[in-house]
1. Run the simple label-point estimate for residue 32 and residue 61 please: 7 Å along Cα→C-beta, distance reported in nm.
2. Which value, in debye to the nearest 20, gives the size of the charge dipole of the chain about its Cα centre, when Lys and Arg are +1 and Asp and Glu are -1 at the Cβ?
3. If you count only protein heavy atoms with a 1.4 Å probe, what accessible area per residue comes out for segment 16-81, rounded to a whole Å²?
4. Viscosity 0.890 mPa s, temperature 25 °C: Stokes-Einstein D of segment 136-225 from its Kirkwood Cα radius, in µm² per second?
5. Once neighbouring chains are kept in place and the probe is 1.4 Å, which whole percent of the accessible area of segment 1-144 is contributed by carbon and sulfur?
6. For segment 148-155, what does the Karplus curve 6.51 cos²θ - 1.76 cosθ + 1.60, with θ = phi - 60°, yield as ³J(HN,Hα) per residue in whole Hz, taken in order and with x for Gly and Pro?
7. Rg and Dmax of segment 1-90, using alpha carbons, in Å: what are they?
8. So for the chain, taking the charge dipole from beta-carbon charges (+1 Lys/Arg, -1 Asp/Glu), which of 174, 52, 65 sits furthest toward the positive end?
Amino acid sequence: MIEARALGRRVDVAGSPQALTILDDVSFAVGAGESVAIVGASGSGKSTLLGLLAGLDAPSSGEVLIDGQSLFALGEDERAALRGDKIGFVFQSFQLLPALTALENVMLPLELAGVASAGGQARQWLERVGLGERRSHYPRQLSGGEQQRVALARAFVPHPALLLADEPTGNLDAATGASIIDLLFSLNREHGTTLLLVTHDEALAARCGRQLRMHAGRLSESVAA
(Lines give C-alpha, C1' and ligand atoms only; values in the text may rest on other atoms or scores of the structure.)
Protein backbone atom coordinates (compact mmCIF):
# COMPACT_ATOMS: atom_id res chain seq x y z
CA MET A 1 0.00 0.00 0.00
CA ILE A 2 2.84 2.40 0.80
CA GLU A 3 6.57 2.15 0.15
CA ALA A 4 9.52 4.41 0.96
CA ARG A 5 12.61 4.03 -1.20
CA ALA A 6 15.91 5.50 0.04
CA LEU A 7 14.19 8.57 1.48
CA GLY A 8 16.44 11.39 2.61
CA ARG A 9 15.68 14.84 4.02
CA ARG A 10 18.34 17.48 4.52
CA VAL A 11 17.97 21.17 5.42
CA ASP A 12 20.45 24.02 5.20
CA VAL A 13 21.61 25.55 8.48
CA ALA A 14 22.42 29.26 8.62
CA GLY A 15 26.14 29.81 9.14
CA SER A 16 27.06 26.18 8.47
CA PRO A 17 28.53 24.87 5.21
CA GLN A 18 27.02 21.45 5.87
CA ALA A 19 23.33 20.60 5.63
CA LEU A 20 21.57 18.99 8.59
CA THR A 21 20.45 15.43 7.84
CA ILE A 22 17.01 14.72 9.29
CA LEU A 23 16.35 11.46 7.41
CA ASP A 24 19.03 9.24 5.94
CA ASP A 25 18.31 6.48 3.38
CA VAL A 26 15.01 5.26 4.85
CA SER A 27 13.39 2.33 3.03
CA PHE A 28 10.46 0.10 3.98
CA ALA A 29 7.12 -1.15 2.66
CA VAL A 30 3.71 -1.63 4.29
CA GLY A 31 1.26 -4.08 2.76
CA ALA A 32 -2.48 -3.57 2.41
CA GLY A 33 -4.28 -4.16 5.71
CA GLU A 34 -1.11 -4.10 7.84
CA SER A 35 -0.80 -2.10 11.06
CA VAL A 36 2.71 -0.70 11.50
CA ALA A 37 4.15 1.58 14.19
CA ILE A 38 7.08 3.93 13.63
CA VAL A 39 8.70 4.24 17.04
CA GLY A 40 11.34 6.70 18.16
CA ALA A 41 12.25 9.42 20.62
CA SER A 42 11.46 13.07 19.97
CA GLY A 43 13.79 14.38 17.27
CA SER A 44 14.44 10.97 15.72
CA GLY A 45 12.82 11.99 12.44
CA LYS A 46 9.58 10.02 12.65
CA SER A 47 7.19 12.96 12.19
CA THR A 48 9.31 14.27 9.30
CA LEU A 49 9.05 10.82 7.75
CA LEU A 50 5.27 10.82 8.13
CA GLY A 51 5.07 14.22 6.42
CA LEU A 52 7.04 12.88 3.47
CA LEU A 53 4.90 9.75 3.26
CA ALA A 54 1.81 11.96 3.05
CA GLY A 55 3.35 14.19 0.42
CA LEU A 56 3.08 17.21 2.70
CA ASP A 57 6.83 17.82 2.36
CA ALA A 58 9.28 16.90 -0.40
CA PRO A 59 12.30 14.66 0.16
CA SER A 60 15.85 15.66 -0.70
CA SER A 61 16.30 12.19 -2.22
CA GLY A 62 14.35 9.00 -2.73
CA GLU A 63 10.69 8.42 -3.48
CA VAL A 64 7.36 7.37 -1.96
CA LEU A 65 4.88 5.06 -3.68
CA ILE A 66 1.25 4.87 -2.59
CA ASP A 67 -0.67 1.95 -4.05
CA GLY A 68 2.00 1.77 -6.75
CA GLN A 69 1.84 5.48 -7.65
CA SER A 70 5.03 7.52 -7.30
CA LEU A 71 3.91 10.39 -5.07
CA PHE A 72 6.47 12.99 -6.13
CA ALA A 73 6.00 12.30 -9.82
CA LEU A 74 2.64 14.04 -9.33
CA GLY A 75 1.98 17.75 -9.27
CA GLU A 76 0.78 19.44 -6.08
CA ASP A 77 -2.89 19.30 -7.09
CA GLU A 78 -2.57 15.65 -8.09
CA ARG A 79 -0.96 14.79 -4.73
CA ALA A 80 -3.82 16.56 -2.95
CA ALA A 81 -6.33 14.55 -4.98
CA LEU A 82 -4.54 11.30 -4.12
CA ARG A 83 -4.56 12.19 -0.42
CA GLY A 84 -8.28 12.92 -0.58
CA ASP A 85 -8.95 9.64 -2.33
CA LYS A 86 -6.72 7.23 -0.42
CA ILE A 87 -5.42 8.70 2.87
CA GLY A 88 -6.98 9.57 6.22
CA PHE A 89 -5.14 11.53 8.92
CA VAL A 90 -5.28 11.61 12.73
CA PHE A 91 -3.12 14.23 14.46
CA GLN A 92 -1.95 14.76 18.02
CA SER A 93 -3.51 18.25 18.01
CA PHE A 94 -6.79 17.04 16.43
CA GLN A 95 -6.69 19.68 13.63
CA LEU A 96 -10.42 20.34 13.70
CA LEU A 97 -11.60 23.58 12.09
CA PRO A 98 -12.81 25.78 14.98
CA ALA A 99 -15.51 27.58 12.96
CA LEU A 100 -17.19 24.29 12.01
CA THR A 101 -19.38 22.07 14.17
CA ALA A 102 -18.46 18.45 14.83
CA LEU A 103 -20.84 17.41 12.04
CA GLU A 104 -19.41 19.93 9.60
CA ASN A 105 -15.84 18.85 10.38
CA VAL A 106 -16.72 15.24 9.56
CA MET A 107 -18.64 16.26 6.44
CA LEU A 108 -15.72 18.28 5.07
CA PRO A 109 -13.71 15.52 3.28
CA LEU A 110 -16.91 14.19 1.71
CA GLU A 111 -17.98 17.64 0.53
CA LEU A 112 -14.53 18.24 -0.97
CA ALA A 113 -14.95 14.97 -2.85
CA GLY A 114 -18.40 15.98 -4.09
CA VAL A 115 -20.31 13.29 -2.16
CA ALA A 116 -24.03 14.10 -2.21
CA SER A 117 -24.86 12.21 1.01
CA ALA A 118 -22.15 13.91 3.10
CA GLY A 119 -24.48 14.93 5.93
CA GLY A 120 -26.02 11.50 6.38
CA GLN A 121 -22.69 9.68 6.31
CA ALA A 122 -21.15 12.16 8.76
CA ARG A 123 -24.06 11.68 11.19
CA GLN A 124 -23.62 7.91 11.04
CA TRP A 125 -19.92 8.21 11.83
CA LEU A 126 -20.50 10.55 14.76
CA GLU A 127 -22.96 7.98 16.10
CA ARG A 128 -20.32 5.28 15.56
CA VAL A 129 -17.77 7.16 17.71
CA GLY A 130 -20.37 7.93 20.39
CA LEU A 131 -20.92 11.61 19.61
CA GLY A 132 -24.30 11.62 17.89
CA GLU A 133 -25.69 14.04 20.47
CA ARG A 134 -22.70 16.40 20.14
CA ARG A 135 -22.86 16.95 16.39
CA SER A 136 -23.88 20.62 16.70
CA HIS A 137 -21.08 21.46 19.12
CA TYR A 138 -17.96 23.36 18.10
CA PRO A 139 -14.46 22.05 18.94
CA ARG A 140 -14.08 24.55 21.82
CA GLN A 141 -17.18 22.99 23.42
CA LEU A 142 -15.72 19.47 23.30
CA SER A 143 -13.18 17.76 25.54
CA GLY A 144 -9.87 16.58 24.12
CA GLY A 145 -11.13 13.01 23.91
CA GLU A 146 -14.30 14.12 22.15
CA GLN A 147 -12.30 16.19 19.67
CA GLN A 148 -10.14 13.17 18.85
CA ARG A 149 -13.28 11.08 18.34
CA VAL A 150 -14.50 13.67 15.83
CA ALA A 151 -11.08 13.50 14.18
CA LEU A 152 -11.35 9.70 13.93
CA ALA A 153 -14.79 9.99 12.35
CA ARG A 154 -13.44 12.55 9.88
CA ALA A 155 -10.49 10.28 9.04
CA PHE A 156 -12.61 7.18 8.41
CA VAL A 157 -15.68 8.72 6.75
CA PRO A 158 -14.21 8.72 3.19
CA HIS A 159 -13.16 5.04 3.62
CA PRO A 160 -9.43 5.62 3.09
CA ALA A 161 -7.18 2.76 2.08
CA LEU A 162 -4.40 4.16 4.30
CA LEU A 163 -4.61 5.86 7.70
CA LEU A 164 -1.67 7.92 8.96
CA ALA A 165 -1.74 8.71 12.69
CA ASP A 166 0.79 11.04 14.37
CA GLU A 167 0.92 10.61 18.18
CA PRO A 168 -2.90 10.30 18.33
CA THR A 169 -2.99 10.20 22.16
CA GLY A 170 -0.22 12.74 22.80
CA ASN A 171 -2.59 15.44 24.12
CA LEU A 172 -4.84 13.11 26.11
CA ASP A 173 -4.74 11.71 29.63
CA ALA A 174 -3.98 8.00 30.01
CA ALA A 175 -7.56 6.79 30.44
CA THR A 176 -8.93 8.88 27.56
CA GLY A 177 -5.97 7.91 25.38
CA ALA A 178 -6.59 4.22 26.00
CA SER A 179 -10.23 4.64 25.01
CA ILE A 180 -9.27 6.46 21.80
CA ILE A 181 -6.73 3.78 20.86
CA ASP A 182 -9.28 1.00 21.47
CA LEU A 183 -11.65 2.84 19.14
CA LEU A 184 -8.93 3.43 16.53
CA PHE A 185 -7.95 -0.25 16.35
CA SER A 186 -11.59 -1.37 16.39
CA LEU A 187 -12.46 0.87 13.43
CA ASN A 188 -9.29 -0.17 11.65
CA ARG A 189 -10.12 -3.88 11.97
CA GLU A 190 -13.71 -3.35 10.81
CA HIS A 191 -12.70 -1.49 7.67
CA GLY A 192 -9.46 -3.28 6.78
CA THR A 193 -7.55 -0.02 6.57
CA THR A 194 -3.76 0.01 6.34
CA LEU A 195 -2.53 1.78 9.49
CA LEU A 196 0.77 3.60 9.86
CA LEU A 197 1.15 5.00 13.36
CA VAL A 198 3.88 7.32 14.66
CA THR A 199 4.43 7.16 18.42
CA HIS A 200 7.00 7.23 21.19
CA ASP A 201 4.69 4.98 23.29
CA GLU A 202 6.07 1.44 23.26
CA ALA A 203 2.85 -0.09 24.63
CA LEU A 204 0.83 1.54 21.87
CA ALA A 205 3.34 0.44 19.23
CA ALA A 206 3.13 -3.15 20.50
CA ARG A 207 -0.54 -3.27 19.48
CA CYS A 208 0.49 -2.94 15.84
CA GLY A 209 1.48 -5.97 13.80
CA ARG A 210 4.96 -4.61 13.11
CA GLN A 211 7.30 -1.95 14.51
CA LEU A 212 9.83 0.17 12.65
CA ARG A 213 12.33 1.94 14.88
CA MET A 214 13.78 5.36 14.08
CA HIS A 215 17.01 6.67 15.58
CA ALA A 216 18.84 9.82 14.47
CA GLY A 217 17.10 9.82 11.11
CA ARG A 218 17.75 6.17 10.27
CA LEU A 219 15.47 3.17 10.29
CA SER A 220 17.57 1.04 12.61
CA GLU A 221 15.48 -2.10 13.00
CA SER A 222 12.21 -3.79 12.21
CA VAL A 223 10.71 -5.94 14.94
CA ALA A 224 7.70 -8.24 14.76
CA ALA A 225 5.21 -7.36 17.47
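The values are calculated or read from the model by the stated rules, or taken from the named source; none is laboratory data. None of the values given here were measured: they were computed from a predicted structure. FYI the Cβ positions are ideal-geometry reconstructions off the backbone, even for glycines, and counts take in every protein chain you see. Only protein heavy atoms, including side chains, enter the accessible area calculation; ligands, DNA and RNA are left aside. Shrake-Rupley method; radii C 1.70, N 1.55, O 1.52, S 1.80 Å.
1. 3.3 nm
2. Once rounded to the nearest 20, the dipole reads 260 debye.
3. 46 Å²
4. 172 µm²/s
5. Whole-percent figure for carbon plus sulfur exposure: 48.
6. Each residue's phi maps through the Karplus curve to give 5, 5, 4, 4, 5, 4, 5, 5 Hz.
7. Cα only, segment 1-90: 13.8, 46 Å (Rg, Dmax).
8. Farthest along the dipole direction, towards plus: 174.
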